[in-house]
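Okay, so here's the structure we're looking at.
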Amino acid sequence: MKRRELWGWGVASLLGSLLIGGTAGATTPLTLFTARPGSVYERAGKSLQKVLKPQGFNLTLKESPGSMFNLEQLAKGQGDLAFAQKDAFVLFKNLGGKERALAENLTVIGPVNQEVVHLLTRPGVKSLANLSGKRIGVGPQDSGTYVSALLMLQMADLDVTRERLITGEVRQQIQDLLAGKLDAVFVTSAVGSPALKSMPAQSKIQLLPMGQEVLKQAQKTFPEAAALYRPTPIPAGTYPWQTQPVTALATYSCLFARRSLEQPLVYRLARVLYEQQATLRQTDPFWALFTLDAQQNPFLTGLNYHPGVRQYLGETQRRSPNTKPAPGN
């Protein structure tokens, strides 16, 4: 091979490695806020690590209480990526003051999965309104469960400043519910939550149905919150103690990125992730919504994508006009 041809081949190879995974031996460090050990966010983070490592990204996972904490830390620049629920993001953005300004630094890589609001109650509770005056476990403060619980109770026209809301770790609150120390517990998680699957089949609790009738009521009392959820079925037997199919309300979670991450870096990250989307979904069902197929993912439009993601999506649109999400807001 002539020297000039060899030089040209070498430059092309170098450029290719820079686009896909960086130069040989070099890695790009990133941090990701997940949730508690054993959570679906932590599990999804580990699957993301496996996909990114061969592509030149060194991803460090950071434990956290959950969505609200993740969004705040990410907005402050304390990390690069975070999992969080869409309802938590909307609440964070609408808090006003410094949080509204911080929210400007939050952008989206893509939707990841539905997050179902599981409401576990003792027998006798028939509706959200029946929870008034009862002892209600709402998960850790700053968690996605905490956010969903507050919004759901307000959708039922309950005054959350007067109700008996108790914060704490979800697994402990489930045990307190089983022991009769609590009357209800909220758990916002993907269907198949490990914490709920670990409950024995003989547990004397119920998964309270919440569907279209709750949203219809919420349209009158709290329309902004009602717009964040949609009914989703939970088949019988999803959990050992659940013998009947139940309709619950679901929001969805996203992989967020701080806006200040450089556009070329996020473009490369988006390219790797979306080209590996099938692998991610096979590795962990939590990534079910991470796809550019609008038929599989109804949440693609109206998101505030990072400029690097929009660049990648624009190129994808030129290759395949049916896959581009609508521009972010």
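When only alpha carbons of the chain are considered, Rg and Dmax amount to 21.6, 83 Å. The convex hull built on the alpha-carbon positions of region 57-214 has an orientation-averaged projected area of 10.5 nm².
Restricting the calculation to Cα atoms, region 202-252 yields a radius of gyration followed by a Dmax of 12.7, 38 Å. For GLU115, the residues 5 or more places off, or on other chains, whose built amide H falls under 5 Å of its own are THR251, TYR252, SER253.
Here the 3J(HN,Hα) profile of region 243-256, calculated from phi with Karplus coefficients 6.51, -1.76 and 1.60 at θ = phi - 60°, is 8, 10, x, 9, 9, 10, 9, 10, 9, 8, 9, 10, 8, 9 Hz, Gly and Pro shown as x. Of LYS93/LYS216; LYS197/LYS220; LYS134/LYS220; LYS98/LYS134; LYS46/LYS197, which sit over 30 Å apart, Cα to Cα? Exceeds cut-off: LYS197/LYS220; LYS98/LYS134.
Here's how it looks for GLU169: its modeled amide H is under 5 Å from none belonging to a residue 5 or more places away or on a different chain. Among ARG258, ARG318, ARG271, the largest mean-square fluctuation in a Gaussian network model of the chain, built with springs joining Cα atoms closer than 10 Å, belongs to ARG318.
Here the Karplus curve 6.51 cos²θ - 1.76 cosθ + 1.60, taken at θ = phi - 60°, turns the phi angles of region 34-44 into couplings of 10, 7, 6, x, x, 7, 5, 5, 5, 4, 5 Hz, with x standing for Gly and Pro.
Result for the chain in a Gaussian network model with C-alpha springs under 10 Å: among ALA179, ALA248, ALA195, the largest mean-square fluctuation is at ALA179.
Take every DSSP beta bridge whose two residues both sit in the chain; close to 65 percent of them are antiparallel. With viscosity 0.890 mPa s and temperature 25 °C, the Kirkwood radius over alpha carbon pairs of region 140-234 converts through Stokes-Einstein to a diffusion coefficient of 169 µm²/s. Exposed loop sites were defined as GluC sites (Glu not before Pro) in DSSP loop states (anything but H, G, I, E or B) carrying at most 14 other C-beta atoms within 10 Å; in the chain the longest segment without such a site runs 105-261. Considering only GLN282, GLN49, GLN114, the Gaussian network model of the chain with Cα springs below 10 Å gives its largest mean-square fluctuation to GLN282.
Read-outs: derived from the displayed coordinates by stated rules, not from any lab. As the structure is a prediction and not an experimental result, all values here were calculated from the model. Using ideal geometry, Cβ is built from the backbone for each residue, glycine included, and neighbour counts are taken over all protein chains shown.
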